[in-house]
Amino acid sequence: MHNSPKYSCDGKGLTLWLVAIAALIGGVLAANQLLQPPAAPVLSQSTTRLVPARVLQAFELIDHTGAAFNLERLRGHWSFLFFGYTHCPDICPTTLNTLNVLARTIATLPEPASTPQYLFVSVDPERDTPELLAKFVPYFNPTFIGVTGTTSAIDMLTKQLSIMHMKIESDRPDNYLVDHSAALLLIDPQGNLHALMSPPFDTDRMTQDFQKLTAYYEAIQ
Amino acid sequence: MKIGSLSAFALFCSVWAATAQADALTVSGAWVREGPPTTQVLAGYAQIANPGTQDITIVGARSPQFDTVEIHRTEIVEGMARMIAQPELVIPAGGSVSLEPGGLHLMLIQAQNPLASGDHVEIQLQLNNGTQLRVDAEVRPDPDAGAGMDHSHHHH
Ligand SMILES: [Cu+2]
């Protein structure tokens, strides 16, 4: 545009060359993108992605409203799972409060399609009835879902997820403690165990990891 | 008992008051995490300092508002979270011990009445020197619950 007429011919030729080279580079890049899968996400140290994701077998549990909670309810959206029990006053409320902060942070992300559900699965089904979970879990966030069931049904799920739990008998039969895995699990929209996050929990880091995992998952579908 | 000279500090912390007798422990920032209204088991936290020159051991705890009070430590070992009862807790001379979420806590078992934010819990710590330290802890939501999470409607 700013060239004098004297140089217009040279300038035009150069421009054509540049366009041709740019087109070539662009084409190669595009072809590369089509042929090569995107690079696997680089996650924080406390998040582990399972490769491949672990396929889960059917299980029959119940949520805090009394509705059936099965594998089907893990499909079609991402789910965060935490395991604990309502008679746990320290680590369980602490983690549920952390999950609430995480849920609020993730809710502000630009992609509403990846809004996950948050599940608190009891490892103390003896005491944790749906009614008790209904008074406990939504307290931390009204969208959180409590899940319980028979001891064998809970074991059916926890074994598949490599979640450990152990009742510690005490002299007061109604006042026992339960040791349990502290990890947070992430289930993908196919209902497969996709990743796990270990404490100490940092909600900013977890949000970034969640974004990377979901973006990568979408990209390779 | 009078709060006395501690009142200025209590203003800052707004959630505690402790009366020391012959002992040298000072307790600050004592609070009990509010739980869902039906919760029978709560956790209490505080900073316990020992400005004296001798170690002081807490050998027991109780509260008129709970059946049992135990000192616990939450530990995560090989991915497993467990609570381990601590029969005693040494507060070293010139040092302090912090009871905080995910670590040491007072396990308040079987509340006689439901407790909500703003209520106070009286906790008596039994010390190895034969004295008792009375701690007043206010019930309040977890600070992690953050702004925008208003728990007040849960119990009104
Ligand atoms: Cu405890």
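The values are calculated or read from the model by the stated rules, or taken from the named source; none is laboratory data. This is a predicted model, so every value here is computed, not measured. Neighbour counts are summed over all protein chains in view; Cβ atoms, including those assigned to glycine, are modelled from backbone coordinates with ideal geometry. SASA here: full protein model, heavy atoms, side chains in, ligands and nucleic acids out. Shrake-Rupley method; radii C 1.70, N 1.55, O 1.52, S 1.80 Å.
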Kindly check whether there is at least one residue in the range A:134-144 that is within 10 Å of chain B (Cβ to nearest Cβ), over 20 Å from the mean Cα position of the chain (by Cα) and among the basic types (Lys, Arg).
yes
Any hit, the range A:132-154, residues being surrounded by fewer than 14 Cβ atoms within 10 Å (Cβ to Cβ) and assigned to a strand (DSSP E or B):
no
Where B:GLN112 falls short, out of the listed (1) closer than 30 Å to A:PRO199 by Cα; (2) more than 9 Å from every other protein chain (Cβ to nearest Cβ)
(1)
Take A:THR207 and tell me if it is out of contact with any Pro (no Cβ under 6 Å at 6 or more places or on another chain), buried (at least 22 other Cβ atoms within 10 Å of the Cβ) and not in a loop (DSSP other than H, G, I, E, B).
no
Cβ contacts < 7 Å: first residue basic (Lys, Arg), restricted to the range A:50-62; second residue open to solvent by less than 30 Å² (accessible area, probe 1.4 Å), any location; separation 6+ or different chain. Result?
A:ARG54/A:ASN192; A:ARG54/A:LEU193
Those residues of the range B:52-111 which are within 15 Å of the ligand (Cβ to nearest atom) and of a type in the set (S, T, N, Q), in sequence order
B:SER63, B:THR68, B:THR74, B:GLN86, B:GLN110
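Please go through the range A:168-193 and give me each residue that is away from the ligand (no atom under 15 Å from the Cβ) and either hydroxyl-bearing (Ser, Thr, Tyr) or within 14 Å of chain B (Cβ to nearest Cβ) (or both), ordered by number. Before you say what the answer is, go through the steps one by one.
As a first pass, look at the range A:168-193 and keep what is away from the ligand (no atom under 15 Å from the Cβ): A:169, A:171, A:173-174, A:181, A:183-193.
If the condition is that a residue be away from the ligand (no atom under 15 Å from the Cβ) and either hydroxyl-bearing (Ser, Thr, Tyr) or within 14 Å of chain B (Cβ to nearest Cβ) (or both), then A:GLU169, A:ASP171, A:PRO173, A:ASP174, A:SER181, A:ALA183, A:LEU184, A:LEU185 are the ones that fit.
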How many residues, within the range A:171-221, are among the acidic types (Asp, Glu) and touching a Phe, Trp or Tyr at 6+ places or on another chain (Cβ under 9 Å)?
1
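List the strands (runs of 3 or more DSSP E) inside the range A:38-128, counting only whole elements, that have at least 3 residues being over 24 Å from B:ASP142 (Cβ atoms) and either more than 14 Å from every other protein chain (Cβ to nearest Cβ) or touching a Pro at 6+ places or on another chain (Cβ under 8 Å) (or both).
Output list reads A:47-54, A:60-63, A:68-70.
Got a sec? Which of B:ALA85, B:ALA61, B:ALA43, B:ALA49 is touching a residue at least 24 places away in the same chain (Cβ under 8 Å) and surrounded by fewer than 19 Cβ atoms within 10 Å (Cβ to Cβ)?
Just one listed residue meets the conditions, B:ALA49.
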